[in-house]
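Let me begin by presenting the structure, written as structure tokens, before commenting on it.
Just so it is clear, none of the values below were taken in a lab; they were calculated from the coordinates. Since the model is a prediction, treat every value here as computed from it, not as a measurement. Here the Cβ positions follow ideal geometry from the backbone for every residue, glycine too, while neighbour counts run over all protein chains shown.
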Amino acid sequence: MNKDEKIVKLKLDIIFKRVFGNAKNERIISAFISDLLEIPRESIRSIYINNVELTPEYLGQKFSRLDLRMNVDGKIVNIEMQVNREVDFQERSLFYWAKLYSDELGSGEEYSALKQTICINIINFDLFECEDYHSHFRVLESERGELLTDKFSIHFFELRKLGKCRKNNRMEDWLKLIDAETEGDLMAIQQTTNIPEVQDTIVMLRQLSADEKIRQEAYYREKQIHDEASALGSAKREGLAEGEAIGLVKGEAIGLEKGEAIGLEKGEAIGRLAVLADLVRNGIITINQAADQEKMTVEEFSEKAGLTVK
């Protein structure tokens, strides 16, 4: 085997979902959740997987993000794989946890019926100012450290920090596998891991990588993600430059504060429009779906995005 040969990446949403969104792989999924959450394997007796398909609506919202929702022995577990950095990611994660938590309460049910809700965020960028790749947030009393409830739990796993801090080999084996990009990466993990399900997932990844159709799908999917990042980055720089220019005209002191704020805000808005317009042009989503995403009428969106309404 060629160590430098590229493989289909497990952190790519369509590949991640083929492995962890397939009920046939329940043994692998159970091992994955058990090792990431550091809970006994035998405590996971059944898994029910929701939202298996990648829909056009999902593509229009954020095509670099994957949400995979599971019911694990009465617990709601949501696994999110996020490749590109997203603004206000912590706040969005908290909002999404709250929505998952509250949506489980049926009409007329008591609050005690609410289920423990665990959000697992696997991210391909640095989020916190620490060397540890794993951050676990719960609700604690600030002085006594007393736990308010065990129903709140949000985990963040930062892939770029792997290797800076070692504390749990089983957890790290899975994260390294998700981060793997070449056959050499797979070989290194295979030689050191003692987790049978990690070995099985490596075999599965090799099979997927050998499938030409899947490789093509993965290639175009990754290109979309890179295009999104490039479009947003370019728009932010353009917006920031315009914001700084406005700031310098009004005064240097104002420019550094107000100008940058105007630039970033405008840049991000331009970036979203560019991405959505590109999705419409390529027939991935309709212009109505794109307009809904920006809370605009079709006419308003078409004018701002430079599209022609048919």
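Some notes on this structure:
- Ranked by the mean number of other Cβ atoms within 10 Å of their residues, highest first, the peptides 196-206, 74-84 fall in the order 74-84, 196-206.
- Across the range 5-15, coupling constants 3J(HN,Hα) worked out from phi with the 6.51/-1.76/1.60 Karplus curve, θ = phi - 60°, read 5, 6, 10, 6, 7, 5, 7, 7, 3, 5, 7 Hz, and Gly and Pro carry x.
- Cβ-Cβ FRET estimate between Q216 and R170, R0 fixed at 35 Å, reported to 0.05: 0.55
- In sequence order, calculated HN-Hα J values of the range 110-119 (Karplus, 6.51, -1.76, 1.60; Hz; x Gly/Pro): 7, 4, 5, 7, 4, 8, 4, 10, 10, 9
- Close lysine pairs were tallied over the range 100-226: pairs 8 or more places apart or on different chains with Cα atoms under 15 Å apart number 4.
- Backbone HN-Hα couplings from phi across the range 195-205 [Karplus 6.51/-1.76/1.60, Hz, Gly and Pro as x]: 9, x, 5, 5, 4, 5, 5, 4, 4, 5, 4
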